[in-house]
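One structure is given below, encoded as structure tokens.
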Amino acid sequence: MLFRSGNTTHGMRESPTYQSWVAMMNRCRNPNQQAHKRYGAKGISVCDEWSTFTGFHASMGDRPYGMTLDRVDGSLGYYKANCRWATRLEQANNRACVLRLTLNGETRTVKEWSAITGHGVASLQYRKRNGWTDEQTLLTRKHHSPCQSI
């Protein structure tokens, strides 16, 4: 079933919020949509309350400028406690494939830690792939070869 902006009574058919709702519904409930194989076909569902735009809008409010609908836990469906309006960067950092490291209770992406520590992203990734702990990965200083001039 394709979700379209048919007869509406809320007057928000052209709004970014409505567009987000339609896209979500199509990803989860329309097997003819390309994204359905990564969402609905894998069990990502929309809660009953959000089956109507008015229910979705009552929970999420208007979509802020520059934001998109994001699931906090990508393995779970669309419902209020698991969704937020997020920037594209926040969404990119929320992907399951993004490597995260934790130091002193603070978890960040490798890219974020790279900016903080001065270590290159590739160096941090290499260390983790080779079995280093998060602490070793982040706190071990770069070493200089004895042949390098300082």
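Close amide H partners of residue 46, meaning residues 5 or more places away or on another chain with modelled amide H under 5 Å apart, are 78. As a fraction of the 1.4 Å probe accessible area of the stretch 58-97, surface on carbon and sulfur atoms comes out at 54 percent.
Residue ranges 109-118, 73-82 sort as 109-118, 73-82 when ordered by packing (mean number of other C-beta atoms within 10 Å per residue, highest first).
Summed over the residues of the chain and divided among them, the accessible surface reaches 65 Å² per residue at a probe radius of 1.4 Å.
Legend: residues 137, 107, sorted from most to least accessible area (1.4 Å probe; ligands, DNA and RNA excluded), read 107, 137. Looking at the stretch 1-141 only, what percent of DSSP beta bridges run antiparallel? Nearest 5 please. Percentage antiparallel, nearest 5: 90. GNM remark for the chain: springs join alpha carbons under 10 Å apart, and the peak mean-square fluctuation among 43, 61, 105 falls on 105. The computed Cα Rg over 2.2 N^0.38 Å for the structure shown corresponds, within [x] 1.20; [y] 1.43; [z] 1.11, to [y].
Structure remark: mean-square fluctuation, Gaussian network model of the chain, C-alpha springs under 10 Å; the largest value among 15, 45, 59 belongs to 15.
The values are calculated or read from the model by the stated rules, or taken from the named source; none is laboratory data. All of these numbers come straight from a predicted model, not from anything done at the bench. Glycine gets a Cβ as well: all are built from the backbone with ideal geometry, and neighbour counts include every protein chain shown. Please note that ligands, DNA and RNA were not included when accessible areas were found on the heavy atoms of the full protein model with its side chains. Shrake-Rupley method; radii C 1.70, N 1.55, O 1.52, S 1.80 Å.
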